[in-house]
Structure formats: C-alpha cells, structure tokens
1. Scan segment B:100-142 residue by residue and report those that are touching a residue at least 24 places away in the same chain (Cβ under 8 Å) and small (Gly, Ala, Ser).
2. Return a yes/no flag: does segment B:136-156 have any residue that is more than 14 Å from chain A (Cβ to nearest Cβ), in a strand (DSSP E or B) and surrounded by fewer than 18 Cβ atoms within 10 Å (Cβ to Cβ).
3. Among A:Ala320, A:Ala291, A:Ala306, which is the only one that is under 21 Å from B:Lys207 (Cα atoms), at pLDDT 95 or above and crowded, with 21+ Cβ neighbours inside 10 Å?
4. Before we move on, is B:Ser122 buried (at least 18 other Cβ atoms within 10 Å of the Cβ) and either within 18 Å of A:Gly334 (Cβ to Cβ) or over 24 Å from the mean Cα position of the chain (by Cα) (or both)?
5. Would you check which residues across segment A:297-316 are part of a loop (DSSP other than H, G, I, E, B), over 14 Å from A:Pro246 (Cα atoms) and touching a residue at least 24 places away in the same chain (Cβ under 8 Å) and list them?
6. Among the candidates A:Val208, A:Val203, A:Val186, A:Val146, single out the residue that is over 25 Å from A:Ile271 (Cβ atoms) and touching a residue at least 12 places away in the same chain (Cβ under 8 Å).
7. Can you work out which of the residues in segment B:229-251 that are of a type outside the set (S, T, N, Q) and more than 8 Å from every other protein chain (Cβ to nearest Cβ) is farthest from the ligand (Cβ to nearest atom)?
8. Got a sec? Which of B:Val185, B:Val200, B:Val178 is at the interface with another protein chain (Cβ under 10 Å from one of its Cβ atoms) and among the β-branched types (Val, Ile, Thr)?
Amino acid sequence: MAYATTAGHGEHDDHHPTGWRRWIYSTNHKDIGTMYIILSLVAALIGGVMSWMIRLELAEPGIQFFDNTQFYNVLVTAHGFLMVFFVVMPAMIGGFGNWFVPLMIGAPDMAFPRMNNISFWLTAAGLTLLVSSAFVGEGPGTGWTVYPPLSSIAYHPGAAVDFGILALHLAGAGSILGAINLIVTVFNMRAPGMTLHRMPLFVWAILVTAFLLLLALPVLAGALTMLLTDRNFGTSFYAVSGGGDPLLWQHLFWFFGHPEVYIIILPAFGIISQIISTFSKKPVFGYLGMAYAMCAIGFVGFIVWAHHMYTSGIGTNARAYFTVATMIIAVPTGIKIFSWLATMWGGSIDFKAPMMFALGFLWLFVIGGVTGVVLANAGIDFVMHDTYYVVAHFHYVMAIAAIFAMFGAYYYWIGKMSGRQYSERLAQIQFWIFFIGVNVLFFPQHFLGLGGMPRRIPDYPDAFAGWNMVSSVGAAITMVGTLMFYYIIWHTFRYGKTAEANPWGEGATTLEWTVPSPAPFHTHEELPVIGAGDHGHGPLHGGVQPAE
Amino acid sequence: MLKKLLALALVAAAAVVSGAGQLRAEPANGEPTPWAINLQPAFSPVMEKVHDFHNLLLVIIISVTVLVLAILAYVMVRFNAKRNPVPSRTSHNTLLEVVWTAVPIMILVVIAIPSLRLLFFSAKPENPEMTLKVTGHQWYWTYTYPDQEDMTFDSIPIAADQLKPGQPRLLAVDNPVVLPVDTTVQVLVTADDVIHDWAVPSLGLKKDATPGRINETWVRIEKPGTYYGMCSELCGVNHYFMPIQIEALSKEDYQAWVKQAKEQFAAKDGPATSLARADRAD
Ligand SMILES: [Cu+2]
C-alpha cells in the first residue's frame with residue numbers, strides 16, 4: 001500500500017550517490033538529517049564562543065573587552081538567533097526528526113525528498129547570512145527581539161539588520177517546507193498498523209512542532225517583511241510618525257515568538273519520553289495523556305503571547321487574561337512531568353548517559369518551570385521583566401533543557417546513526433561537568449534578576465559583582481563540558497565500538513531498533529506491520545514483525 | 001533523605017522571607033546589595049504587595065520543586081536496575097492521572113486570586129495628587145512636572161571618574177528626579193527615539209517608554225531616601241548606562257526644592273507637555 005507513495009522517486013533509491021553529490025544533492029532523509037546535525041554542531045560552536053565572550057565580559061564589573069558596546073549587543077543578538085534558529089531547531093527537527101520520524105513510523109523516507117534537500121540548504125544559507133550580518137556595518141545590536149524603532153533605519157542605518165531579516169526569512173522558509181514535509185510524512189507514510197495512537201511520542205512531538213512551525217513562522221515572515229519595507233522603502237508599519245505602532249511589531253513577533261519556545265521544547269519532550277521509557281524498560285505511562293498534553297501545550301502556546309509584553313502598556317484586562325491563559329500551560333506541563341516520573345516508577349532503570357541527560361532535563365525543566373509560574377503573573381512579572389531572572393528562567397526551561405535533550409538524543413541514537421557506540425565513561429564525565437556547569441552558571445542569575453540587574457548590559461553596578469563572578473565560573477565549567485562533547489564525537493568515530501542493532505535491550509522497542517546499525521542507506525523497503533496494543537513499543541506487547 | 005531536603009528548603013525559604021523584612025529597618029536606600037538573593041526591599045505599597053505575593057509564590061514553587069525532585073530521587077534509588085531487575089508493566093492509573101491534573105489546577109487558582117488582585121492594584125492609582133512625566137532619550141531621562149508650570153530638566157548619568165563618595169557607579173545621575181513622600185504620584189512614561197523602560201525595583205516601578213505612547217504607572221513613596229534603577233529595555237550602545245535616581249523628600253522639603261528648582265531650571269524651555277494630561281494609557 002504505502003509503496004505507491006515511494007514509486008515516484010524509485011529510480012533514486014536504486015543507486016547510492018557518492019562523493020560530494022551524495023551530500024549536496026541528497027534526497028535521503030538520513031544524509032540530510034546528518035547534515036542538519038553537523039550544521040547545528042557548527043552553529044553551536046559559534047554561538048557557544050559568543051556566550052563565553054559575554055560571560056567573560058560580565059565576570060567583573062567595568063567594561064573589560066567591549067569598549068565598542070554595540071559589538072556586545074551584536075553578540076547578544078547573534079547568540080540568541082544562532083541558538084534558537086541554527087542550533088536547536090536544525091538538530092531537533094531537521095536532524096533527529098529527519099533521521100527518526102521515517103524510521104519510527106516504518107516509512108522508507110520523507111514524503112518529499114527533494115523538498116527536504118531545499119529545506120536544509122535554505123537553512124544553511126540562512127546561517128551564512130546571519131553570521132555575516134555581524135560583520136556588516138555596525139552589526140545588528142537589537143537583541144533577538146529586533147524591536148523597532150531600535151531596529152529601524154534611523155537607529156541601525158547599516159545593512160546588518162537587513163542581513164539578519166533575510167537570514168531569518170531563509171531559515172523560516174526552510175523550516176516551513178520542512179514542517180510541511182514532516183506533517184505529510186506522518187499523516188501519509190505510516191506503516192500498516194501504525195495508527196496515530198500507536199506512534200512513538202517522539203513522532204507525536206515532531207508532528208505538533210511541525211504544526212506550530214507552519215502556523216507561527218508565516219507570521220514572523222510577515223512581520224519581518226514589514227520591517228524590511230519600513231527600513232528600505234519608506235513604509236511606516238512600525239513608525240509612529242507615519243501612523244504606525246512599535247507595539248504592532250511586538251504583538252506579531254511574540255505571536256511567533258511564544259510558539260517558538262514550544263517549537264524548541266516539544267521535540268525535547270519527545271526525545272525524553274523515548275529515553276525514559278527505554279532505560280526504565282517500561283512503556284510510557286499515560287501515553288494518550290502525554291500525546292494530547294503536547295497538543296494542548298501547542299494550542300495554548302498560541303494564545304499567551306502578550307505575557308512577554310506586560311510592561312509595554314497593554315491594558316490591564318488584557319494582562320489579566322494573559323496571566324490566566326499562561327498559567328493554564330502549567331497543567332499539561334505538570335501531566336508530562338508526573339507521567340515521566342510514573343514511567344520510571346516500577347521500572348528497572350539503567351543510568352546510561354542518555355538517561356542521565358533525561359534526568360538532568362527533568363531537573364532543569366522543573367526549576368525553569370516553576371519560575372515560569374512566577375513570571376506568568378502580570379502583577380509580579382513586571383518586577384522581573386527584562387532582568388536576569390528571565391534570563392535564568394528561559395535558559396533553564398527551554399535553552400539548556402533542550403541542549404540536555406539533544407545530548408541525550410545524541411548518545412541514544414549515535415550507534416544507530418554511525419554504527420559506533422560512544423564511550424560510556426567519557427559520556428558520564430561529560431554529563432556531570434555540564435550539569436554542574438550550567439547550574440552554577442544559571443542558578444545565581446535568579447538572584448541577580450531579583451536584585452534588579454537588567455539583561456543585555458555589558459557592565460553592571462558593583463553590587464552585582466559577586467553572583468556574576470559565580471555565574472562566569474559556571475560558564476567556564478560549561479565550556480569544558482561542551483568542548484568535551486565535541487571530543488567525544490571525535491572519539492566515537494575514531495575509537496567507538498561497533499554498535500549492535502539494539503544496544504539498549506528490552507526497553508528499546510521502537511522501530512528504529514529493528515534495523516541494523518548503522519541504519520542502511522535505505523530502510524523499511526519492506527514495510528513493517530505493527531500489531532494492536534503498541535505505542536510504537538512493539539516487542540513489549542509482542543508486536544512488531546516485518547511484513548513478508 | 002526526604003526529611004533533610006524538606007528541612008533545608010524550609011530553612012532557605014525562611015531566610016529569604018525574613019531577609020526581606022529585616023532590611024526595612026535600615027535607612028531608606030533602594031539600591032542593589034552585594035550577594036543579595038531576593039527582591040530589593042520595598043518602599044512603596046505596590047512593592048510591598050509584590051513582596052507578599054512573591055513570598056507566597058516562593059513557598060509554592062519551592063514545595064513543588066522539592067516534591068518533584070524528591071520523587072525523582074526516590075525513583076532513582078528504589079527502581080534502579082540492581083534493586084528492581086524486573087520492571088512492572090503499569091502504564092495507566094486513572095485516579096493518579098486525574099489527581100495530577102486537578103491538584104495543579106487548584107494550586108493555580110490559589111495563585112491566580114492574589115495575582116489578579118495585585119495586578120489591578122498596581123495598574124492605577126486611586127487619587128493621584130500630582131503628576132510626573134518621564135521621557136526617555138538615548139541615553140538619559142527628562143523629567144517634567146506638569147503641576148509646577150511644566151518645570152523640566154534632564155537627568156544625565158555621572159561618568160565613573162566623576163562620582164562623588166557614596167554615589168554608586170552606573171546608578172547616580174546629576175539631577176535626580178525629586179518626589180515628595182506619602183504622596184500618590186501618577187507617572188506618565190514616554191520616549192522620543194527608541195523604546196526605553198523606566199524602572200526602579202525597590203519602588204515597584206517598571207514601565208516601557210515607547211515613542212508615540214504615553215504609558216501610565218504610579219508610585220507612593222513611603223520613606224525619604226534615594227532609590228535607584230536602570231533602563232530596562234535594550235535601547236542601543238549606552239543602554240547599560242542610563243540610570244534612574246529618585247530622591248524622596250518630606251513634603252516640606254519637597255516644597256522648598258520645588259521653589260529652588262524652578263529657578264535653577266527656569267532657563268531651560270522644556271518640551272511641550274500638554275500631552276502629559278492625555279488619557280491614561282491603560
Ligand atoms: Cu534606555
């Protein structure tokens with residue numbers, strides 16, 4: 001049945017392209033996934049170096065390195081853009097999504113393999129433009145929120161902001177195409193018996209994420225286009241002098257920006273669910289509740305945007321609404337956390353590196369989650385707004401939590417992707433260094449924020465010196481943990497032991513573990529059949545067999 | 001293990017809560033202090049209520065965190081592969097799922113009621129006795145007193161090498177904005193170039209200064225003293241050096257200051273401030 005969908009590019013399947021053509025022209029979901037992951041690793045190194053430069057500047061009061069404070073603002077901006085658009089999104093959605101959605105649902109490839117290729121190259125072009133924007137004119141010193149009028153032609157006269165806008169346009173177009181591809185793949189290319197309610201939670205997570213991308217990114221594209229024409233063609237969508245309104249930008253940006261944080265964290269939810277289930281050797285607790293909690297989070301994520309604008313002057317009743325709507329998100333989020341705990345409860349837990357990162361994720365996500373409940377309240381948020389409390393909150397709940405999920409995913413799937421297994425000992429050491437590092441780095445920032453230290457400043461009143469130094473020490477530890485990760489990648493490919501088809505044993509029940517390691521260029525050419533009662537966790541219920 | 005964790009959290013919570021109270025006895029000085037771990041002490045009714053609400057939130061979020069992390073720790077110890085070689089197959093428990101949906105909703109209701117009360121209290125002053133208009137520029141503030149014949153002056157940050165003893169770096173300005181204590185002040189905030197944000201943490205003040213908009217907030221300062229804040233919206237290269245300094249005087253001293261200030265700033269023609277009486281933004 002599903003063969004009909006693949007017949008169209010059948011002639012590609014039969015030969016293995018080699019050399020540079022294999023990559024540049026690739027239509028293979030695994031190769032494209034690999035390229036996304038490499039792109040993310042490159043961007044992470046650039047974005048990481050920027051964050052260490054930021055922490056180095058902030059280690060002591062006074063201006064240490066950035067006499068040109070515009071360049072400091074450029075770094076803050078580029079760090080945000082890189083990490084959001086070119087590290088987390090490519091790795092989670094383009095990388096692991098590309099690799100494992102087809103494998104997990106028993107599809108031979110993505111629905112639109114050529115579109116898959118253009119999605120990647122648009123993203124790569126976006127990354128190039130974004131990095132070059134930092135070196136054009138004065139650079140974009142606007143923060144990743146790009147609020148006009150600061151981002152208008154009057155206050156950023158060079159071409160840097162235009163470069164940034166076009167970079168986001170390219171990356172956004174790539175993401176929209178990728179989202180369409182994932183949605184079509186999940187809806188049309190599931191193997192016989194793989195009903196929606198049997199899909200692994202990672203596939204659910206990617207599906208919900210793809211819908212968020214599809215609905216949120218066009219809004220950003222529209223907002224960016226208006227900014228572009230304001231800057232270059234004399235329109236005044238955001239210019240008061242021409243009847244425009246800077247708040248229009250804020251509404252549009254955050255209508256995209258809030259779903260964006262779920263675009264980042266939902267795939268992490270999926271990864272964490274797979275890992276916890278595998279290493280507890282138990283099916284996910286409350287599977288349907290978990291799947292629909294993600295749908296609920298995705299939906300509510302679209303109607304809470306103005307909680308980023310509590311101090312902007314929007315009306316009191318609006319703030320009351322956004323307070324209540326935002327707090328509602330805590331309910332499905334709570335369901336997820338308790339279901340993860342219940343999945344582990346009664347399990348037989350192996351503390352392999354992926355599981356350690358999943359546990360680390362829970363720690364970060366809970367701490368970042370409860371400060372989110374504080375910030376949801378307009379009546380108190382205005383005190384923390386634009387302070388380091390917010391910086392600490394979103395790094396805990398979204399940024400670092402997502403990085404933990406990505407590390408976990410890497411260790412979990414590297415055997416399947418490369419055919420070589422990572423060094424458990426090195427990975428455990430890397431976990432502890434990174435875990436301690438990020439907590440020393442970000443926890444004191446709660447204190448700085450409560451004390452009133454604004455974000456996005458290269459220098460601060462002397463009273464904030466103590467915790468800033470602690471935070472910078474944490475950044476140094478984090479840096480060691482990060483560089484060690486790159487070393488472990490090298491070590492895996494150089495010295496890694498040959499990975500078995502299923503290195504994790506009875507707990508690993510999703511379909512990717514039924515194919516050899518490394519996964520062959522083409523997989524599921526014969527479609528697997530999934531039995532009743534599986535949530536993509538066949539063998540536990542005696543389910544997955546290959547079709548004849 | 002569990003008991004120890006709980007005790008630790010309670011001690012921490014108590015320290016945080018009492019810390020806020022102790023500082024109140026000292027002379028009023030709203031500025032950050034080294035190694036502080038909580039909000040700056042409160043010197044306005046709004047900020048006092050923020051403290052109360054934050055203390056409630058702290059108790060809730062610390063309890064939730066400790067509970068979840070304690071379960072996590074228990075699961076890790078009790079259900080590791082060595083102690084529990086055979087995993088259970090349980091993947092449903094309707095009662096449990098209902099409980100962990102319903103209990104968070106109840107906690108949220110407990111939070112929402114004081115939260116909304118605080119929001120509406122902080123939004124609008126009851127009967128403002130005077131008005132202050134604040135205008136943000138790259139990179140200083142201008143203050144206008146519509147009740148004092150639109151007396152207007154600029155408040156320029158003091159460079160580090162020109163600070164007098166006792167003036168904190170990046171916080172002190174040449175002409176602080178002066179306000180009387182025990183007076184409800186309506187504050188109108190705007191800007192004439194990019195978006196800034198007028199913020200004074202210890203008074204519970206933070207409002208975006210947006211060109212083309214007049215945002216309203218209010219303050220009632222309870223003690224004479226000095227209160228510092230910083231611009232709280234990225235506004236360009238000197239964003240970090242755009243401080244706010246409020247001097248609160250007794251009502252009599254304030255009247256004296258007004259008389260003297262009117263002379264001092266008379267030479268300056270302030271911007272037209274008819275806008276200052278415009279409709280409230282909220
Ligand atoms: Cu400013």
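The values are calculated or read from the model by the stated rules, or taken from the named source; none is laboratory data. These numbers come from a predicted model, not from an experiment. Backbone-built Cβ (ideal geometry, glycine too); neighbour counts: all protein chains shown.
1. If we filter segment B:100-142 for residues that are touching a residue at least 24 places away in the same chain (Cβ under 8 Å), which is where we start, we get B:107, B:110-111, B:114-115, B:118, B:121-142.
Residues satisfying the conditions are B:Ser115, B:Ser122, B:Ala123, B:Gly136.
2. Step one: filter segment B:136-156 for residues more than 14 Å from chain A (Cβ to nearest Cβ), giving B:140-156.
Restricting the remaining residues to those that are in a strand (DSSP E or B) gives B:140-145, B:151-155.
Next, from what is left, pick out any that are surrounded by fewer than 18 Cβ atoms within 10 Å (Cβ to Cβ): B:154.
Checking segment B:136-156: at least one residue is more than 14 Å from chain A (Cβ to nearest Cβ), in a strand (DSSP E or B) and surrounded by fewer than 18 Cβ atoms within 10 Å (Cβ to Cβ).
3. Working: A:Ala320 fails: crowded, with 21+ Cβ neighbours inside 10 Å; A:Ala291 fails: under 21 Å from B:Lys207 (Cα atoms).
From the options A:Ala320, A:Ala291, A:Ala306, the qualifying one is A:Ala306.
4. no
5. First pass over segment A:297-316, keeping only residues part of a loop (DSSP other than H, G, I, E, B): A:304, A:309-315.
This time we only want the ones that are over 14 Å from A:Pro246 (Cα atoms), so: A:304, A:310, A:315.
Within segment A:297-316, A:Val304, A:Tyr310 qualify.
6. Details: A:Val208 fails: over 25 Å from A:Ile271 (Cβ atoms); A:Val203 fails: over 25 Å from A:Ile271 (Cβ atoms); A:Val186 fails: over 25 Å from A:Ile271 (Cβ atoms).
Going through A:Val208, A:Val203, A:Val186, A:Val146 in turn, just one is over 25 Å from A:Ile271 (Cβ atoms) and touching a residue at least 12 places away in the same chain (Cβ under 8 Å): A:Val146.
7. In the first step, residues of segment B:229-251 are kept if they are of a type outside the set (S, T, N, Q); the result is B:229-231, B:233-237, B:239-244, B:246-249, B:251.
Among the residues that remain, those that are also more than 8 Å from every other protein chain (Cβ to nearest Cβ) are: B:242-244, B:246-249, B:251.
Numbers: B:Met242: 4, B:Pro243: 10, B:Ile244: 10, B:Ile246: 17, B:Glu247: 21, B:Ala248: 23, B:Leu249: 26, B:Lys251: 31 Å.
Applying the filter and picking the extreme gives B:Lys251.
8. One residue alone meets the criteria, B:Val200.
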